[in-house]
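Worksheet: one structure, shown below.
FYI, it's all coordinate maths here, none of it is from the lab. For clarity, every value in this text was computed on a predicted model and none was experimentally measured. Heads up, the Cβs are rebuilt from the backbone with ideal geometry, glycines too, and the neighbour counts pull from every protein chain shown.
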Amino acid sequence: MFIEKYKKDVIYMSFMEQVKKRWVENNTLVCVGLDPDVEKIPAKYRELENPLFAFNKDIIDATAQYVCCYKPQIAYYNGVGLERDLELTINYIHESYPGIPVILDAKRGDIGSTAQMYVKEAFTRYKADSVTVNPYMGGDTLEPFLEQKDKATIILCRTSNPGAVDLQDLEIDGKPLYMHVASKATNSWNRNKNILLVVGATYPEELKKIREVIGDIPFLTPGIGAQGGDVEKAVKAGTTPDGTGMIINSSRGIIYAEDPSIAAKSLRDEINLYR
């Protein structure tokens, strides 16, 4: 019945429109990261022709009512030659749960014709609604993505890993590098209003500083769950005044849970306590 509900009266919307609708109508900021390790999924899936897709399908069906989007990480598929499972996964979300957008977590970044091919990879081959990109080769590497007005480009800003401090915190003209990225994303890069920023939950003070600069540009926020990010601190630091503005991702904490449905609902409810 849940699937049928989403098949009715489907109208195409941009990534931004879809995620904003999910924030409000489903009262959720949760994103489930579909990052299945073929060595860790149950044996019953590994025997199938498309093991990662079969695993993902069950996760999606269990969690769809609690999420604002899904985020498959491309390396978990490409690294083991299961690109077809990624195609099937994204197609299943679009067909069975239209209105739930998909972020392809690929962290691409290159110049000219190579960047154009990465655009084709994300939006033509895999039919994602958004893609993560690395801005550290400069603004020209982002242009082919930003030109896709109905899609969203999610730019690495202040990431959740400990080594982020090595480069992202370097001071330039009195400001850390990640603040320069945030400033460009707010101004010169965001002419089509289709930019989001990756800012990790493991650094709530940085979340707060960036939010003060960028206004209502949404965050994709990893680091909750296995990486140890604090939900309360992240939500209070990163949400916009209306209690939205964040896509809070959990991967391992949900997909490997004994009951992914309960895990997704619990995260949604915990986040909503602090919105």
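Using the C-alpha atoms of the stretch 152-264, what convex hull volume per residue, in cubic angstrom, is computed? Walk me through the numbers before you get to the answer.
On the way: hull volume 12.0 nm³, N = 113.
Value for the stretch 152-264: 107 Å³ per residue.
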Label-point separation, K175 to Y12 (7 Å along Cα→Cβ), nm
3.7 nm
Dipole of the stretch 141-217 [Lys/Arg +1, Asp/Glu -1 at C-beta], most positive-end residue of L156, A182, L146
L146
Sequence-separation-based contact order of the chain, relative, with Cα cut under 8 Å and 6+ spacing, percent:
20 percent
Which one, L29, L196, L82, has the greatest fluctuation when you compute a Gaussian network model over the chain with C-alpha springs under 10 angstrom?
L82
Whole-Hz ³J(HN,Hα) from phi, Karplus 6.51 cos²θ - 1.76 cosθ + 1.60, for the stretch 187-195, glycine and proline x
10, 5, 7, 9, 5, 9, 6, 10, 9
Just name one of V30, P98, T114: the one whose Cα is farthest towards the positive end of the charge dipole of the chain (beta-carbon charges, Lys/Arg +1, Asp/Glu -1).
P98
Cα-Cα longer than 21 Å, checked against K193/K233; K44/K127; K21/K71; K71/K127; K21/K120, kept in input order, equals K193/K233; K44/K127; K21/K120
Sequence-distant residues sharing a close amide H with N249 (under 5 Å, placed H):
C31, T221, I224
With charges set only on the Cβ (+1 for Lys and Arg, -1 for Asp and Glu), what does the dipole of the chain come to about its Cα centre, in debye to the nearest 20?
520 debye
Amide H contacts under 5 Å for C157, placed H, 5+ residues apart
V198
So the pair-distance distribution of the stretch 193-246, from every Cα-Cα distance in 5 Å bins, comes to percents of 4, 24, 35, 24, 9, 3, 0
On a 0 to 90° scale, report how tilted helix 51-63 is relative to the longest principal axis of the chain, with both axes built from alpha carbons and the result rounded to the nearest 10.
80 degrees
